[in-house]
């Protein structure tokens, strides 16, 4: 080979080597950038941990007496999260008083959801008395700033009569007479619910713990109403069985309203809490209610003891009220042990009018249903929430 050819051969080899080195360098640089921008490409070793946000929590956290707001069920929103607002739609009985006072104390001492309003309806008592009782309960808690909306006075078509389980005035028949005018909102409860759902879209939680007439009217007037809520907790109905063959009180007061709710419910927005499951899972005793919860030294508990005096004097040893159970589980989802998705409904005709139906195998469920709950957590929650008020009074 001539000297000239050798020179060109060496130059060609050097150029090829340079091209190869350049190509490999560019390849590795591009892979490095891909890994940096997409840390999941190569697993944990490729992650840029310094730029990753810290996890919100390492895993499910157990509640302590002072730490209820940190606990929530994995399957749904927790109304204790910052920014959520709460409306309690109720029928003015002593059980409603428990739910309302509990929610007020939870907001004050446990950073719970801000109570945006109370909406009233008939049920335990007539709707006018429910307004009086709402104002009385709010005054007891020094929260007369919470708006009261007057709601439905009767069922859409027909329903059962009240049994006045908590007395004819709903709060123990102690002879209380309202001495001051009661300020109520200028629009009715259904319109108020719609307006609040727009004002707090995505952040509004509703506890419906009476007949569902106000809720049904809101849905009928505004089909998008449920979609704007964070969550609707419905305290009504039974899971039909030999033990619970009859309609539940709130469902039977207005079956058509329940039907409208069920027909428009969404599994991601509506949680049903049937009384049958509360009775089975959260079955405390009247002895515990009187001697433990009722012994807490606070004006609120003393008032609640009086509100329940008629119902506590009724036959039986069981203390198992729906409304405070709904409130407790809505405020602290960790009390709930098991949800089941269901296509929930209600029978409107015949001798089973007001009886609920559930299809737990449906491929198109319309709601999630609280199937079981933890009674010890429930009782501890009640005791700690009401004790917080007592501690505040003693140290003030």
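The values are calculated or read from the model by the stated rules, or taken from the named source; none is laboratory data. Remember, it's a predicted structure, so these values are computed and weren't measured experimentally. So basically every Cβ, Gly included, is an ideal-geometry build from the backbone, and we count neighbours across all protein chains shown.
Tabulated data for the structure shown
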{"item": "Verdict on residue 131 being crowded, with 16+ Cβ neighbours inside 10 Å and within 25 Å of residue 333 (Cα to Cα)", "result": "no"}
{"item": "Flag if residue 175 is within 27 Å of the chain's Cα centre (by Cα) and assigned to a loop (DSSP other than H, G, I, E, B)", "result": "no"}
{"item": "Any hit, the range 201-211, residues being over 21 Å from the mean Cα position of the chain (by Cα), crowded, with 18+ Cβ neighbours inside 10 Å and not in a loop (DSSP other than H, G, I, E, B)", "result": "no"}
{"item": "Enumeration of residues in the range 254-269 that are assigned to a helix (DSSP H, G or I), surrounded by 24 or more Cβ atoms within 10 Å (Cβ to Cβ) and touching a helix residue (DSSP H, G or I) at 6+ places or on another chain (Cβ under 8 Å)", "result": "257, 258, 261"}
{"item": "Residue ID - nearest to residue 184 (Cα to Cα), chosen from residues in the range 100-121 that are touching a strand residue (DSSP E or B) at 6+ places or on another chain (Cβ under 7 Å) and either assigned to a helix (DSSP H, G or I) or at pLDDT below 95 (or both)", "result": "100"}
{"item": "Within the range 277-396, strands (runs of 3 or more DSSP E) holding 2 or more residues that are in contact with a helix residue (DSSP H, G or I) (Cβ under 8 Å, 6 or more places away or on another chain) and surrounded by 15 or more Cβ atoms within 10 Å (Cβ to Cβ)", "result": "336-346, 367-373"}
{"item": "Selection status of residue 239, surrounded by fewer than 24 Cβ atoms within 10 Å (Cβ to Cβ) and either over 22 Å from residue 345 (Cβ atoms) or without any contact (Cβ under 8 Å) to a residue 12 or more places away in the chain (or both)", "result": "no"}
